[in-house]
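The values are calculated or read from the model by the stated rules, or taken from the named source; none is laboratory data. As the structure is a prediction and not an experimental result, all values here were calculated from the model. As a convention, Cβ positions derive from the backbone with ideal geometry for all residues, glycine included, and neighbour counts pool all protein chains shown. Surface accessibility is based on the protein's heavy atoms, side chains included, excluding ligands, DNA and RNA. Shrake-Rupley method; radii C 1.70, N 1.55, O 1.52, S 1.80 Å.
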Amino acid sequence: MSKKSYLLVKPKNLQGEYHKVTPETANWNYLSFGARQMTKGEKWSCHTEDNEMVIVLLAGNFKVKSDKGSWETVNGRENVFSGVAHTLYLPKGSTFTLTATSDILDIAYGWCVVETEHPPKFVTPEETPVVIFGGDNATRQFNDLVPPGFGCSKIVVREVYTPSGNWSSFPAHKHDERILDEQGRVLEPIQEETYFYRFQKPEAYAIQQVYTLDRTVDEIVRPHHNDVVLIPKGFHPVVAEHGYHCYYLNFLAGTDQCLANTTDPNHEWIYSSWKSKDARLPLVTAKMNKQ
């Protein structure tokens with residue numbers, strides 16, 4: 001734990017764009033990620049160029065005017081532990097201006113180059129699918145912001161809540177080799193992924209391992225509040241520190257718009273061992289959002 005892992009990215013500051021991960025900085029091919037804090041009335045103008053983009057509301061409220069439509073959040077959340085995200089999908093070739101309508105606005109966004117254009121889509125907390133997955137002390141909550149079949153080209157987005165002391169992204173899985181079955185269905189895509197972390201208190205942390213079976217990659221990182229962990233390849237399980245619930249926001253992009261993956265064969269048996277669900281879940285619901 002003494003050396004700084006090349007997979008752990010610290011925020012640049014707490015104002016303006018405090019994260020920006022690109023294929024150039026991450027040394028990969030598809031996915032870019034950013035996070036930005038704004039004050040009331042502040043504007044952010046952008047052209048998506050050849051990229052599709054997804055904007056996720058972390059805290060506050062915003063309105064967007066674009067050449068593809070206009071949208072506004074009216075029941076945003078105070079923080080990621082007090083409700084479900086609003087999600088805005090914008091296709092390639094979009095020009096937009098986003099304006100903060102709350103005292104503090106916090107957003108995250110991901111983008112990737114695509115060939116085709118899809119319709120924009122604005123998804124409210126009430127419309128967001130919520131899944132309680134896993135079992136025992138590996139139970140966690142998925143809010144599927146941009147799930148497979150969403151109506152886009154490559155990007156997938158999910159926010160995950162892992163209760164204090166629980167394991168997540170476990171049994172460990174990977175998505176770094178494109179494998180098709182005999183019918184041409186994707187069993188595993190090539191996808192790059194970012195984990196963007198939030199915690200209830202700044203002293204909290206998670207532990208994440210990123211490894212390949214041959215251990216050519218074998219990193220253990222300790223992400224804190226606002227840190228990003230890069231997943232270029234390999235398996236990547238997480239455990240939340242006891243006493244603090246853990247939130248992470250996943251953006252994925254690669255060869256296919258799906259969540260297919262391959263489980264570490266050493267741990268696949270665990271799926272059939274679970275006896276119960278963690279009663280603490282769900283940690284957040286759409287009813288918690290500001291009215």
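Structure summary
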{"read-out": "Accessible surface of the chain, 1.4 Å probe, proportion on carbon and sulfur as whole %", "value": "52"}
{"read-out": "The stretch 1-141 - convex hull of the alpha-carbon atoms, volume per residue in Å³", "value": "153"}
{"read-out": "Computed E for Q183/F133 - FRET, C-beta separation, R0 25 angstrom, nearest 0.05", "value": "0.45"}
{"read-out": "For the stretch 201-257, the spread of Cα positions along each principal axis, largest first, Å", "value": "35, 27, 14"}
{"read-out": "Potential extension, E126-E24 segment - 0.36 nm per residue separation minus Cα distance", "value": "33.1 nm"}
{"read-out": "Taking all pairs of distinct alpha-carbon atoms in the stretch 97-175, Kirkwood radius in angstrom", "value": "15.3"}
{"read-out": "Amide H contacts of E188 (H built 1.01 Å from N, under 5 Å, at least 5 apart or other chain)", "value": "I179"}
{"read-out": "Rg to Rh, two decimals, where the stretch 141-291 supplies the alpha carbon set and Rh follows Kirkwood", "value": "0.97"}
{"read-out": "Accessible area per residue, Å², the chain with all protein chains present, probe 1.4 Å", "value": "43"}
{"read-out": "Relative packing of 270-278, 21-29, 186-194, which averages over residues the other C-beta atoms within 10 Å, highest first", "value": "186-194, 21-29, 270-278"}
{"read-out": "Over the stretch 220-284 - Rg/Rh using Cα atoms and the Kirkwood inverse-distance radius", "value": "0.96"}
{"read-out": "Cα radius of gyration and Dmax for the chain (Å)", "value": "18.2, 54"}
{"read-out": "Taking the C-alpha atoms of the stretch 157-240, convex hull volume expressed per residue in Å³", "value": "106"}
{"read-out": "Rg and Dmax [Cα atoms of the stretch 38-115; Å; Rg one decimal, Dmax integer]", "value": "12.2, 37"}
{"read-out": "log10 of Debye I(q)/I(0), alpha-carbon scatterers only, for the stretch 171-220 at 0.23, 0.28, 0.30 Å⁻¹", "value": "-0.99, -1.15, -1.19"}
{"read-out": "Computed [θ] at 222 nm, deg cm²/dmol, the chain (DSSP H ≥ 4; -39,500 (n - 2.57); rounded to nearest 500)", "value": "0 deg cm²/dmol"}
